[in-house]
Amino acid sequence: MKIINIQNNQGVPKYKQIILSIEKTIEEGHLKKDEKLPSIIKVCLEFSLSRDTVLQAYEELKKRGIIYAILGKGYYVKSTEVRIKQRIFLLFDELNIFKEDLYNSFLENIGKDVQEDIFFHNFNTQVFQKLINDSNGNYTKYIIMPTNLVAAASIIKTLPVG
(Lines give C-alpha, C1' and ligand atoms only; values in the text may rest on other atoms or scores of the structure.)
Protein backbone atom coordinates (compact mmCIF):
# COMPACT_ATOMS: atom_id res chain seq x y z
CA MET A 1 0.00 0.00 0.00
CA LYS A 2 1.39 3.34 -1.04
CA ILE A 3 1.17 5.87 1.80
CA ILE A 4 1.87 9.06 -0.14
CA ASN A 5 0.54 10.04 -3.57
CA ILE A 6 1.50 13.26 -5.30
CA GLN A 7 0.19 14.54 -8.61
CA ASN A 8 1.67 17.43 -10.55
CA ASN A 9 -0.53 20.22 -11.91
CA GLN A 10 -3.31 19.44 -9.47
CA GLY A 11 -3.50 22.98 -8.06
CA VAL A 12 -2.90 21.72 -4.51
CA PRO A 13 0.49 22.44 -2.92
CA LYS A 14 2.63 19.33 -2.64
CA TYR A 15 2.98 19.57 1.15
CA LYS A 16 -0.84 19.54 1.41
CA GLN A 17 -0.99 16.53 -0.90
CA ILE A 18 1.37 14.73 1.49
CA ILE A 19 -0.86 15.64 4.45
CA LEU A 20 -4.03 14.54 2.63
CA SER A 21 -2.40 11.26 1.51
CA ILE A 22 -1.31 10.37 5.04
CA GLU A 23 -4.72 11.32 6.47
CA LYS A 24 -6.50 9.17 3.87
CA THR A 25 -4.21 6.21 4.51
CA ILE A 26 -4.89 6.47 8.25
CA GLU A 27 -8.67 6.84 7.73
CA GLU A 28 -8.72 3.76 5.51
CA GLY A 29 -6.96 1.80 8.26
CA HIS A 30 -3.76 1.14 6.30
CA LEU A 31 -1.66 3.01 8.87
CA LYS A 32 -2.11 2.22 12.55
CA LYS A 33 -0.94 3.90 15.73
CA ASP A 34 2.86 3.75 16.21
CA GLU A 35 3.51 2.66 12.61
CA LYS A 36 6.46 4.36 10.94
CA LEU A 37 6.03 6.81 8.06
CA PRO A 38 8.42 6.95 5.11
CA SER A 39 11.52 8.98 5.92
CA ILE A 40 11.76 12.56 4.72
CA ILE A 41 14.64 11.63 2.42
CA LYS A 42 12.73 8.69 0.93
CA VAL A 43 9.73 10.93 0.11
CA CYS A 44 12.05 13.61 -1.32
CA LEU A 45 13.75 11.13 -3.63
CA GLU A 46 10.58 9.33 -4.69
CA PHE A 47 8.72 12.50 -5.68
CA SER A 48 11.64 14.88 -6.47
CA LEU A 49 10.66 17.23 -3.66
CA SER A 50 12.69 19.52 -1.46
CA ARG A 51 13.34 18.47 2.10
CA ASP A 52 11.51 21.62 3.28
CA THR A 53 8.30 20.57 1.48
CA VAL A 54 8.18 17.17 3.16
CA LEU A 55 9.23 18.61 6.52
CA GLN A 56 6.47 21.23 6.31
CA ALA A 57 3.87 18.48 5.82
CA TYR A 58 5.23 16.34 8.65
CA GLU A 59 5.45 19.33 11.00
CA GLU A 60 1.82 20.25 10.29
CA LEU A 61 0.73 16.69 11.04
CA LYS A 62 2.85 16.79 14.19
CA LYS A 63 1.20 20.05 15.35
CA ARG A 64 -2.19 18.47 14.87
CA GLY A 65 -1.18 15.50 17.00
CA ILE A 66 -1.43 12.97 14.18
CA ILE A 67 2.25 12.00 14.09
CA TYR A 68 5.25 12.24 16.38
CA ALA A 69 8.99 12.16 15.83
CA ILE A 70 11.75 10.19 17.50
CA LEU A 71 15.07 11.92 16.94
CA GLY A 72 17.27 9.84 14.68
CA LYS A 73 14.57 7.20 14.10
CA GLY A 74 11.80 8.89 12.11
CA TYR A 75 8.13 9.83 12.20
CA TYR A 76 5.35 7.61 13.56
CA VAL A 77 1.55 7.66 13.70
CA LYS A 78 0.43 9.10 17.04
CA SER A 79 -3.33 9.28 16.52
CA THR A 80 -5.84 7.91 14.08
CA GLU A 81 -8.13 10.91 14.76
CA VAL A 82 -7.35 12.75 11.52
CA ARG A 83 -10.55 14.78 11.39
CA ILE A 84 -9.16 17.19 13.99
CA LYS A 85 -7.81 20.12 11.98
CA GLN A 86 -6.70 22.29 14.88
CA ARG A 87 -5.26 21.57 18.30
CA ILE A 88 -5.57 24.43 20.77
CA PHE A 89 -3.52 24.76 23.95
CA LEU A 90 -5.29 26.81 26.63
CA LEU A 91 -3.34 27.92 29.69
CA PHE A 92 -5.15 29.57 32.59
CA ASP A 93 -3.76 30.62 35.93
CA GLU A 94 -6.57 29.04 37.97
CA LEU A 95 -10.12 27.82 37.69
CA ASN A 96 -12.79 30.10 39.11
CA ILE A 97 -16.36 30.98 38.15
CA PHE A 98 -15.28 33.76 35.77
CA LYS A 99 -12.74 31.52 33.99
CA GLU A 100 -15.23 28.68 33.80
CA ASP A 101 -17.70 31.00 32.04
CA LEU A 102 -14.95 32.17 29.70
CA TYR A 103 -13.94 28.58 28.94
CA ASN A 104 -17.54 27.46 28.29
CA SER A 105 -18.09 30.41 25.97
CA PHE A 106 -14.88 29.52 24.15
CA LEU A 107 -16.02 25.91 23.70
CA GLU A 108 -19.37 27.03 22.27
CA ASN A 109 -17.64 29.10 19.61
CA ILE A 110 -14.57 27.15 18.45
CA GLY A 111 -16.35 25.12 15.80
CA LYS A 112 -15.93 21.56 14.63
CA ASP A 113 -12.80 19.52 14.02
CA VAL A 114 -11.01 21.28 16.88
CA GLN A 115 -9.42 19.67 19.90
CA GLU A 116 -8.64 21.83 22.89
CA ASP A 117 -6.60 20.97 25.92
CA ILE A 118 -6.82 23.17 29.01
CA PHE A 119 -4.10 23.50 31.63
CA PHE A 120 -3.67 25.47 34.86
CA HIS A 121 -0.39 26.75 36.30
CA ASN A 122 -1.84 28.01 39.63
CA PHE A 123 0.60 30.95 39.72
CA ASN A 124 3.61 28.61 39.81
CA THR A 125 6.40 29.67 37.43
CA GLN A 126 7.93 26.19 37.25
CA VAL A 127 4.59 24.61 36.35
CA PHE A 128 4.01 27.40 33.79
CA GLN A 129 7.39 26.72 32.18
CA LYS A 130 6.93 22.94 32.18
CA LEU A 131 3.50 23.19 30.55
CA ILE A 132 4.84 25.51 27.85
CA ASN A 133 7.95 23.37 27.22
CA ASP A 134 5.99 20.11 27.08
CA SER A 135 3.41 21.52 24.65
CA ASN A 136 5.85 23.35 22.39
CA GLY A 137 5.24 22.35 18.76
CA ASN A 138 2.33 20.03 19.56
CA TYR A 139 -0.49 22.50 18.92
CA THR A 140 -1.67 24.68 16.07
CA LYS A 141 -2.70 27.52 18.42
CA TYR A 142 -1.66 28.62 21.90
CA ILE A 143 -3.98 30.70 24.08
CA ILE A 144 -2.44 31.88 27.32
CA MET A 145 -4.27 33.86 29.98
CA PRO A 146 -2.28 37.03 30.80
CA THR A 147 -0.03 36.58 33.81
CA ASN A 148 2.51 38.58 35.75
CA LEU A 149 4.75 35.60 36.52
CA VAL A 150 8.46 36.35 36.42
CA ALA A 151 9.98 35.30 33.09
CA ALA A 152 6.58 34.50 31.55
CA ALA A 153 7.27 36.62 28.47
CA SER A 154 10.59 34.90 27.73
CA ILE A 155 9.02 31.47 28.24
CA ILE A 156 6.13 32.32 25.88
CA LYS A 157 8.59 33.52 23.22
CA THR A 158 9.83 29.93 22.83
CA LEU A 159 6.47 28.93 21.27
CA PRO A 160 6.11 28.83 17.48
CA VAL A 161 4.69 31.93 15.85
CA GLY A 162 1.69 31.66 13.58
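The values are calculated or read from the model by the stated rules, or taken from the named source; none is laboratory data. The shown structure was predicted, so the numbers you read here are calculated from the model rather than taken from an experiment. Note: ideal-geometry Cβ built from the backbone for every residue, glycine included; neighbour counts use all protein chains shown. Heavy atoms of the whole protein, side chains included, go into the accessibility calculation; ligands, DNA and RNA do not. Shrake-Rupley method; radii C 1.70, N 1.55, O 1.52, S 1.80 Å.
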query = Given labels modelled 7 Å from the Cα in the Cβ direction, how far is it in nm from K32 to Q126?
reply = 4.1
ask   = Just for the chain, what percent of DSSP beta bridges are antiparallel, to the closest 5?
value = 30
remark   = The alpha-carbon pair-distance distribution computed for the stretch 7-81, with 10 angstrom bins and whole-percent values, is 20, 55, 24, 1
query = So how tilted is helix 14-27 from the main axis of the chain? Cα-based, degrees 0 to 90, rounded to 10.
reply = 90
message = Just to check I understand the Karplus step: with θ = phi - 60° and J = 6.51 cos²θ - 1.76 cosθ + 1.60, what whole-Hz values come out for the stretch 89-99, glycine and proline as x?
response = 9, 10, 10, 10, 6, 7, 9, 9, 4, 4, 5
Where the stretch 1-44 is the region considered: accessible area per residue in Å², 1.4 Å probe = 63
remark   = Using the Kirkwood radius over Cα pairs of the stretch 79-123, the Stokes-Einstein translational diffusion coefficient at 10 °C and 1.306 mPa s, in µm²/s and rounded to a whole number, is 136
query = Rounded to a whole number, what is D in µm²/s for the stretch 59-148 from Stokes-Einstein with the Kirkwood radius over alpha-carbon pairs (25 °C, 0.890 mPa s)?
reply = 171
key: Equivalent ellipsoid, the stretch 115-156 (semi-axes from 5 times Cα gyration tensor eigenvalues, Å)   = 17, 11, 10
message = Test of understanding: in a Gaussian network model of the chain with alpha carbons linked when under 10 Å, which of L91, L20, L71 would top the mean-square fluctuation ranking?
response = L71
key: Label-point separation in nm, N8 to D101, each point 7 Å along Cα→Cβ   = 6.0
Computed [θ] at 222 nm, deg cm²/dmol, the chain (DSSP H ≥ 4; -39,500 (n - 2.57); rounded to nearest 500) = -12000 deg cm²/dmol
note = Taking the alpha-carbon centre of each part, the distance from the stretch 85-162 to the stretch 1-67 in Å is 29
query = Within the accessible area of the chain, what % is carbon and sulfur when the probe is 1.4 Å and the other protein chains stay in place?
reply = 52
Rounded tilt (10° steps) of 51-63 against the dominant C-alpha axis of the chain = 40
remark   = All alpha-carbon distances of the stretch 45-106, grouped into 10 Å bins from 0, give the whole-percent distribution 17, 32, 26, 16, 7, 2
note = The answer for the per residue Cα convex hull volume of the stretch 1-142, in Å³, is 126
